[in-house]
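Below: the structure, in structure tokens.
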Amino acid sequence: MQLFIYPTSEIASQQAFERIRHAINDGATTLGLATGGTPEQLYTLMRQSDIDFSHMTSINLDEYYGLAPTHPKSYHVYMQQNLFDAKPFKQTFIPNGENKAVAEETARYEKILNEHPIDLQILGIGGNGHIGFNEPGTAFDSTTSLVQLTDSTIQANKRYFQSEEDVPKQAYSMGIGSILKAKEIILLAFGEKKAEAIRALMSGEVTTDNPASALHNHQNVTVIVDEAAAQLLPKS
Ligand code: PGA
């Protein structure tokens with residue numbers, strides 16, 4: 001696992017963008033994409049770039065259970081607004097939060113992942129160490145499933161909703177095992193709210209209490225953070 005610390009999230013996002021450009025130039029055709037506040041600057045750079053994504057496939061990590069793809073707070077709409085409207089891909093996949101047939105939806109998504117191996121996966125990290133919506137305690141070999149969001153995740157995400165009651169309490173998420181199948185992984189973390197999660201990740205301790213620590217079992221992970229997220233790291 002390689003760590004890069006940059007003064008600001010803007011510079012860090014630019015570096016992540018250059019890595020994506022490099023991967024695409026090297027033949028990457030399938031991107032694993034994340035939502036939330038962290039990748040917004042990265043998506044702005046992708047939107048403003050001259051890169052043509054129309055031959056590419058994207059696969060998103062997760063979607064709120066119970067939200068229709070047209071729901072303004074769904075990750076479908078987030079992806080349209082942040083990237084796909086400006087930069088169409090050949091095909092895009094996001095779990096269907098509206099599908100209440102859980103076994104069917106999770107099997108459908110795993111089939112998609114098996115048919116489209118991810119070349120480069122972009123990840124954020126939760127304050128509690130979650131990746132995707134895989135909360136602490138999730139098995140490292142987990143596949144796509146319907147997960148129960150922890151209170152800390154609901155608290156962190158309520159800023160997007162009118163009230164805490166409106167935040168869905170469950171989500172479909174790629175599993176940790178699904179994520180680890182990506183050929184290359186870039187994890188981004190910005191701001192002091194992520195400092196403890198980055199400290200725990202870089203401590204090297206591997207435990208299901210910290211889902212992101214599963215990334216130590218992967219051969220090609222780059223962690224890109226700003227100084228605020230790096231503030232609890234040892235100074236050496
Ligand atoms: P954020 O979420 O980018 O909105 O901070 C990241 C995550 O919870 O994985």
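Below are the figures for this structure:
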item: Charged-residue dipole, Cβ positions (Lys, Arg, Asp, Glu), the range 74-144 about Cα centre, Debye nearest 20; result: 180
item: Normalised contact order of the chain, rounded percent, pairs of Cα under 8 Å and 6 or more residues apart; result: 25
item: Residue (of Ile122, Tyr172, Ile198) at the positive-pole extreme of the chain, dipole from beta-carbon charges; result: Ile122
item: Length released on extending from Ala101 to Glu192, taking residue separation times 0.36 nm less the Cα-Cα span; result: 28.9 nm
item: Nonlocal amide H pairs with Tyr6, under 5 Å, H built at 1.01 Å; result: Val225, Asp226, Glu227
item: Length gained when the stretch Arg159-Ile112 is fully extended (0.36 nm per residue, less Cα-Cα span); result: 13.8 nm
item: Prolate/oblate/rounded label for the chain (Cα gyration tensor, a/c 1.5); result: rounded
item: The range 57-137: C-alpha gyration tensor shape, a/c 1.5 cut-off, then a/b vs b/c; result: rounded
item: Cβ crowding within 10 Å averaged over residues, with 4-13, 195-204, 153-162 ranked highest first; result: 195-204, 4-13, 153-162
item: Asp151 paired with Lys235, simple spin-label distance in nm, labels 7 Å along Cα-to-beta-carbon; result: 3.6
item: Extension reserve of the Thr208-Lys90 stretch, reckoned as 0.36 nm per residue once the Cα distance is removed; result: 38.9 nm
item: Total charge dipole magnitude, the chain, about the Cα centre, Cβ charges on Lys, Arg, Asp, Glu only, Debye to nearest 20; result: 160
item: Considering only the range 19-139, percent of DSSP beta bridges that pair antiparallel, nearest 5; result: 10
item: Anisotropy class of the range 92-167 from Cα gyration tensor, a/c 1.5 cut; result: prolate
item: Apportionment of accessible area to carbon and sulfur, the chain, percent (1.4 Å); result: 48
item: Residue among Leu149, Ser58, Val102 farthest towards the positive dipole end of the chain, charges placed on Cβ; result: Ser58
item: Pairs beyond 29 Å (Cα-Cα), from Lys87/Lys235; Lys194/Lys235; Lys73/Lys100; Lys90/Lys181; result: Lys87/Lys235
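The values are calculated or read from the model by the stated rules, or taken from the named source; none is laboratory data. Remember, predicted model here, so these are calculated numbers, not experimental data. Heads up, the Cβs are rebuilt from the backbone with ideal geometry, glycines too, and the neighbour counts pull from every protein chain shown. For the accessible areas, the whole protein counts, side chains as well, though only heavy atoms, and no ligand, DNA or RNA atoms are used. Shrake-Rupley method; radii C 1.70, N 1.55, O 1.52, S 1.80 Å.
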